[in-house]
1. Mind checking the full-extension length gain between THR56 and ALA130? Use 0.36 nm per residue of separation minus the Cα-Cα distance, one decimal, nm.
2. Per DSSP H run of n ≥ 4, the term is -39500 (n - 2.57); total these for the chain, divide by its residue number, and report the mean residue ellipticity at 222 nm rounded to 500 deg cm²/dmol.
3. Please compute the length gained on full extension between SER201 and LYS162, using 0.36 nm multiplied by the number of residues separating them and subtracting their Cα-Cα distance.
4. What number comes out for the charge environment of PRO278, summing +1 per Lys or Arg and -1 per Asp or Glu over other residues with Cβ under 10 Å away?
5. State to the nearest 20 debye the size of the charge dipole of the range 195-341 about its Cα centre, where the only charges are +1 on K and R beta carbons and -1 on D and E beta carbons.
6. Strictly over 18 Å apart at the Cα level, which of LYS118/LYS237; LYS237/LYS260; LYS227/LYS260; LYS125/LYS260 would you flag in this model?
7. What residue among ASN158, MET170, THR56 has its Cα farthest toward the positive end of the dipole of the chain, where the charges are +1 on Lys, Arg and -1 on Asp, Glu, each on the Cβ?
8. Would you please state the base-10 log of I(q)/I(0) at q = 0.08, 0.09, 0.19 1/Å for the range 27-215, with intensities from the Debye formula using one equal scatterer on every alpha carbon?
Amino acid sequence: MDLPHHSAASSRGRPTTKALPSVDQTRRVVTSSDADDHARNLSSWNQRYDQFSPGTFVGQIAELWLPDTQLYLETTSQVLHQSCSSWVNSLWFGIPVLKGENAYIGNQQIPDAALAMKRGGADFKLVTPANFQILGISIDEHIFTRYLQEIEHIDRFNVLDKSEVLQVDMERKREVVSELNRILFENNVLPTEDALHLSASLQDQILMAIVPLLVSATVPEDRSSCKQLNRMRIVEKMREYYLQHIDEEISIPDFCRYLKVSRRTLQYCTEDVVGMSPAAFIRCLRLNSVRRELFFGDRDTHITDVAMSWGFWHLSQFAAHYRKLFDMLPSETLNHAKKCY
C-alpha cells in the first residue's frame, strides 16, 4: 500500500507528519515537549494541536507499523484541540484508555465505554482532556472490508455506518485494550524472511480484537442538550473564523457580527466550552500560533517579529502570557526547536 509522505509545512501552515518509518523500524516510541512536534510524530497523519491548559506539555507516541495497518498509543498531558486527518483510504478507530474527563470528536462526547471512528483523508476535530491516553488503529479500508466479508461474513455497512461514536461493553473494551497493548509492546524479533508472515499475523490479531467490539457496539444515546451543542458549534465557528483571518486584527464585536450573537452569549459559550472568556480564547489561539511558528520556523526567526505578527504589541505582557500557558519562555521554545531540527 502506498502511503502519503507529507512535506514540511511553512511557518504559518499546518504542521504535517514526519516521514513514514522504514521497514526495519516498524516499532518505535517517541516523546516530545511541544504539542505540534508531538502531533508530527504520528506517522502519515496530518495534524495541528493547540494547547488550552497551562503547564509543560509532555507527549508520547508508541507506534507499530504494518504494511496495511497502524497501531499506536498516544499519551498527552494537557488539554488539546486537535485538527486531525489520517492517511487516505484508511479507517481510524480511537479507543480512550484512561478514565476521567471525556474527549470530544466534533460535538459528540467519547465516553469511557465508547470508541470513535472516522474515514481517513478527511479532517476531523478532537478535544482531549489533560492526562489523556488513546489507542488508535488506522487500517486500509479495503483490507478491513475484505476481513469483514471473508472472515466474519458481515456487511461493512452494518459496522461502518452506525455512528462516529459507538457505545461498547466495558469488560470487552478492557480485554481489547489489553490485547492491543500486548501486540503494540510485545518484542517479536524474527529473521527478515519471516517478517511478512509476522506482519500478517499481527494484522490478523488486531482485526480479531477490534472487529467483535465494533460488531457488538451500539449507537449511544445523545445526552448533550441542544444548548450545549449550539454553544460548541459557536465556539468552533469562532475558531474557524479566526483561522481564516489570521492576518487581520479581529475584535470581539467582529466575532459577534459574524456569528450573529450578543457579547453575553459569546461569553457564555466560550466559558462553558473552553473555560475562558472570548478574549482569552483568541489569545490562547494566537499564543499557540506563535509557539508553532517559533518551533517550526527558520533558524534565524526573531521572537519579536513573530510575536508582533500575531498581534502581541506589548512584549513583556506577551512573554508573561506565553510562560503561563506553556511553562516556558518563547526563547526556550526557539532554542529547543533548534536542537530538535
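1. Full extension from THR56 to ALA130 adds 25.5 nm.
2. So the helix-based figure for the chain works out to -13000 deg cm²/dmol.
3. Roughly 11.2 nm would be gained on extension.
4. Local net charge: +1.
5. The calculated dipole for the range 195-341 is roughly 460 debye.
6. Those over the limit are LYS118/LYS237; LYS125/LYS260.
7. Result: THR56, furthest along the dipole toward the positive end.
8. The computed values of log10 I(q)/I(0) come out as -0.24, -0.31, -1.45.
No lab work stands behind these numbers, since they all come straight from the coordinates. None of these values were measured; they are calculated from a predicted model. We place every Cβ from the backbone using ideal geometry, glycine too, and count neighbours over all the protein chains shown.
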